[in-house]
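The values are calculated or read from the model by the stated rules, or taken from the named source; none is laboratory data. Every value quoted in this text rests on a predicted model; they were computed, and no experiment measured them. All Cβ positions, even for glycine, are placed from backbone atoms using ideal geometry, and neighbour counts span all protein chains on display.
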Amino acid sequence: MKWQPRKNWRWAIAVAALALALAMTAFASARDSAAVKSAQPKNKPPARAPSNVSSGAGANLDLTRLKRKKPSAGSVDLFSSRSIYPAPPPQPQPAAPSAPPLPFRFMGKLVDGDSVTLFLVIGNQDYSVSLNDVLNNTYRVDQINEDSAVFTYLPLDTQQTLSIRRKD
């Protein structure tokens, strides 16, 4: 069989790639075995604990320099957690609950001796109330004066004043 370069060029590239792969594998295994040999300990005698002998090179050893110093007050902890995001703003405190505005309007009053009766309107409902009466299980009449009436909003025990002066 005669060599024909145009027909067999693929075969030549495959053989060259195989040879290159074998050479790289051999080089890597030689390097790894050398690294393993250098990492293995040599046959050395076991190290002895230092003795309190005042002769030799260990006599001038200052062991107090081996102790760790305590961090100063101004030092920064390099390994503390930090965030790149700004801190969220503080949440506003919820407002203390307050009584809603009085739901009724003053229509008139009737004075009969010492007793006073107020005529009030809530929406389409008419009410006549006197001192210490409770209106819709929500408001209690605490005080009736010449110009105003004081009601207590029972759920919050808050007092509110209604003007009962007639506008002429």
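Here is a yes/no grid of residues against (1) modelled with pLDDT of 80 or more; (2) farther than 30 Å from GLN125 by Cβ; (3) in contact with a His (Cβ under 8 Å, 6 or more places away or on another chain):
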site: GLY58; (1), (2), (3): no, yes, no
site: ARG68; (1), (2), (3): no, yes, no
site: PRO71; (1), (2), (3): no, yes, no
site: LEU78; (1), (2), (3): no, yes, no
site: SER83; (1), (2), (3): yes, yes, no
site: PRO90; (1), (2), (3): yes, yes, no
site: ALA95; (1), (2), (3): yes, yes, no
site: PHE104; (1), (2), (3): yes, no, no
site: GLY108; (1), (2), (3): yes, no, no
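Any idea which of (1) modelled with pLDDT of 75 or more; (2) exposed (fewer than 10 other Cβ atoms within 10 Å of the Cβ) is the one LEU120 doesn't satisfy?
Unmet for LEU120, out of (1) modelled with pLDDT of 75 or more; (2) exposed (fewer than 10 other Cβ atoms within 10 Å of the Cβ): (2).
If you go through segment 111-127 one residue at a time, do you hit one that is outside any strand (DSSP E or B), in the same structural domain as ASP157 (by TED's automatic domain parsing) and closer than 15 Å to SER163 by Cα? Walk me through it before giving the result.
Just the residues of segment 111-127 that are outside any strand (DSSP E or B), to begin with: 113-114, 123-124.
Restricting the remaining residues to those that are in the same structural domain as ASP157 (by TED's automatic domain parsing) gives 113-114, 123-124.
When the remaining residues are screened for being closer than 15 Å to SER163 by Cα, the result is none.
No, the conditions are met nowhere in segment 111-127.
Hey, can you tell me all the residues within segment 71-107 that are in contact (Cβ under 8 Å) with a residue 24 or more places away in the chain and of a type in the set (Gly, Ala, Ser)?
SER98, ALA99
Output the number of residues of segment 131-157 satisfying the condition of being in contact (Cβ under 8 Å) with a residue 12 or more places away in the chain, surrounded by 13 or more Cβ atoms within 10 Å (Cβ to Cβ) and not aliphatic (A, V, I, L, M).
So the count comes out to 9.
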